[in-house]
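Just so it is clear, none of the values below were taken in a lab; they were calculated from the coordinates. Keep in mind the model is a prediction, meaning the values are calculated, not measured. Note that we place each Cβ from the backbone using ideal geometry, even for glycine, and neighbour counts take in every protein chain shown.
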Ligand SMILES: [Zn+2]
């Protein structure tokens, strides 16, 4: 530890001196990225080396606080649970525009150590990669946001808007509501902003070149429900037509195969249009067909079979995930239930959807019971904002030739709470290859990030922040 912190101080000193020279002679944004690499790597690796599984997030907050305050950036902590603190730091602008919030979660999912070829909290560097839990989710964003704050402070770039840094706990598991829920409910004034940027996007590397950049602009809303079937209990030797299991079985089949209405929004329409422009001819024709109501049904059929993730982007989805019934092989139970994981389109009227669902079931022995929602309804963020435009321009500049695509996640993130409060929120992420996305995904047995993806990602965050918040 001691050796590492001495090294850190050395790097910081060097960069401060160097940056001062650069900024004295050149426009504020002329940054010598090669010089910054060791420092970026050091912060990123230090953060990956902290085991910040749920309940230990304060470890990251302590690290960040020390680094930020060491450079004269005041940092405040907010904790509902002392071991799961959140941290907020703010660089003031001239107030002519509303703030920009850059956030990242500090927690990581758990590890099964026997699955790892290296120490999951070692941030081991091997084969051009940095290996470790959180190396993708979400410590690249955390490190990039931290570096951006340090560089803004050192350079003294004049800002039109405040830049707020938030490191939040409990994104992966927040049953106690210690992270974004707590911050939005109790300390919203400290993070309120016009725009936010965090995980939820990414970029695709093909043959060493970034070909596609995804900006997350929307996500589906979890709106789960239970189907509860009731009937007469009885002896297993006597068949009954009102057997709850028979009714539940039929209802599960109906809703599981129900093709809910397809509906595109600004994000998904643009997503499929842009994908059509860069896909091989056969795939491109499927995406184009989606955009025409006459040909859409066949295209949907294809995606349902061959690309369920994209099929889900077209509609509110209903997926049966759990069954519960019965106490013995010779007992007909009086009740049986199924859980449905429903993911609603951002603008879905959920109450009306439950009523539709009941109509599809069409059985008085089966009722639909909504399960209380864990995330608020969150309207999609717009593509026409200054922030989105800057993100698109910066992506094209950083990765020449890449196609920029807005995307809607079928999952849910902490942007939901921010969007629900009216903050236009956008998702980003470092570049990886398709094979890495499959074999080393976020939450996978093993996580890793190519070192060569880290530095451009930090540069991307810096570019967007200075363009959106810098004085014009
Ligand atoms: Zn994450």
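Worth a mention:
- Restricting the stretch 180-212 to residues that are touching a residue at least 60 places away in the same chain (Cβ under 8 Å) and assigned to a loop (DSSP other than H, G, I, E, B), the residue that is nearest to the ligand (Cβ to nearest atom): 200
- Screening 276, 377, 299 for residues that are closer than 19 Å to residue 224 by Cα and in contact with a helix residue (DSSP H, G or I) (Cβ under 8 Å, 6 or more places away or on another chain) leaves exactly one candidate, 377.
- Residue identified as out of contact with any strand residue (DSSP E or B) (no Cβ under 6 Å at 6 or more places or on another chain), within 16 Å of the ligand (Cβ to nearest atom) and more than 26 Å from residue 271 (Cα to Cα) among 170, 156, 177: 170
- Subset of the stretch 277-297 that is over 28 Å from the mean Cα position of the chain (by Cα) and surrounded by 12 or more Cβ atoms within 10 Å (Cβ to Cβ) - its residue that is farthest from residue 265 (Cα to Cα): 285
- The requirement of being part of a loop (DSSP other than H, G, I, E, B) and crowded, with 19+ Cβ neighbours inside 10 Å is fulfilled somewhere in the stretch 241-249, by at least one residue.
- Put simply, of 59, 84, 133 the only residue that is touching a strand residue (DSSP E or B) at 6+ places or on another chain (Cβ under 9 Å) and either in contact (Cβ under 8 Å) with a residue 12 or more places away in the chain or farther than 30 Å from residue 433 by Cβ (or both) is 133.
- So residue 149, is it closer than 28 Å to residue 53 by Cα, touching a helix residue (DSSP H, G or I) at 6+ places or on another chain (Cβ under 8 Å) and assigned to a helix (DSSP H, G or I): yes
- Any hit, the stretch 132-141, residues being more than 16 Å from the ligand (Cβ to nearest atom) and either outside any loop (DSSP other than H, G, I, E, B) or touching a helix residue (DSSP H, G or I) at 6+ places or on another chain (Cβ under 6 Å) (or both): no
- Members of the stretch 77-95 that are buried (at least 18 other Cβ atoms within 10 Å of the Cβ), away from the ligand (no atom under 16 Å from the Cβ) and under 24 Å from residue 195 (Cβ atoms): 78, 87, 88, 89, 90, 91, 93
- The strands (runs of 3 or more DSSP E) falling completely within the stretch 344-449 that include 3 or more residues that are over 30 Å from residue 233 (Cα atoms) and within 16 Å of the ligand (Cβ to nearest atom) map to 424-428.
- The residues listed here are 128, 110; of these, the one that is exposed (fewer than 15 other Cβ atoms within 10 Å of the Cβ) and within 16 Å of the ligand (Cβ to nearest atom) is 110.
- Qualifying residue in the stretch 96-106 (condition: closer than 19 Å to residue 198 by Cα and surrounded by fewer than 18 Cβ atoms within 10 Å (Cβ to Cβ)): yes
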